[in-house]
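Down below is the structure, laid out as structure tokens.
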């Protein structure tokens, strides 16, 4: 299996991945299954398909505790300040995109680009994201941390799959031409 770098995040309808303080308490569905599709995205299957999780320092500080249950995963955290490894967590303070692309060339499972927005922008600018999986939450936040920053290059995608559960459409895209 070829390793892909997959950006997989939930986002509000207006493009925010967390609130101003990095919180996620607002993340949830609409509480009914009226629009659910028979086909369902399985987060567990997605997680099992990955052996590496890449995230920014803020994302690490905000939500590592919820991801740390993934005992068989390697975590790479982008940080401007060099730090010693902490268990399965390695901190990268250099060219994170190049380091992850080098890792992509080695045997293994997919690489989950968890976020945040600044790190995702670095990967998008480097044309390094192979697939995008985005859950659109049924809420307009109005403010917080954005997923996509201004000034990103135009990137053409192909919608491969769309599923809905609890009012959350999950859109799975691949890069056109790859």
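Since every read-out is calculated from the coordinates, none of them should be taken as a lab result. Here the structure is a predicted model, which means the values were calculated and not measured.
Some notes on this structure:
- Contact order relative to length of the range 98-174, as percent, for alpha carbon pairs under 8 angstrom and 6 or more apart: 32
- Cα-only Debye scattering, the range 1-93: base-10 log of I(q)/I(0) at q = 0.18 Å⁻¹: -1.03
- Within the range 75-172, the proportion of C-alpha pairs whose separation exceeds 21 Å stands at 46%.
- Antiparallel %, DSSP beta bridges [both residues in the range 1-115], to 5: 5
- Shown here: the chain, whose C-alpha atoms stretch 47, 37, 36 Å along the first, second and third principal axes, sorted largest to smallest.
- Normalised alpha carbon radius of gyration of the range 115-175 [divisor 2.2 N^0.38 Å]: 1.20
- Working from Cα pairs under 8 Å separated by at least six residues, relative contact order for the chain is 39 percent.
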